[in-house]
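Computed from the coordinates by the stated procedures, all read-outs in this text should not be read as laboratory data. Here the structure is a predicted model, which is why all the values come from computation and not from measurement. Glycine also receives a Cβ, built like all others from the backbone with ideal geometry; neighbour counts cover every protein chain displayed.
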């Protein structure tokens, strides 16, 4: 979908990507890891990992590796955990645009 024609969708997508990035960095930090270490384990550059976790690039293989390294079965499961984390950090208020309508 071309998000330039739907600004609300673009804003929601950007917010979810930011939420996912924050959650991944938080989870890595709790495990004493960094995006650089994650990149090495995944076999790619730190720049590419950053592009993946911020939603600027897609690679199903790298997304699957990131999810598994962080203890999730899939990228979708990781995204759901990130949204729940964001919800909890916002005091139970919907912090991700478009989740509650």
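P(r) for the stretch 3-89, from all Cα pairs and a bin width of 5 Å, is 3, 15, 25, 28, 16, 8, 4, 1, 0 %, short bins first.
Between residue 25 and residue 41, the modelled label-to-label distance comes to 1.9 nm, taking each label 7 Å out from Cα in the direction of the beta carbon.
Efficiency by 1/(1 + (r/R0)^6): what FRET value for residue 68 and residue 88, r their Cβ-Cβ distance, R0 = 22 Å, to the nearest 0.05? So the FRET efficiency works out to roughly 0.40.
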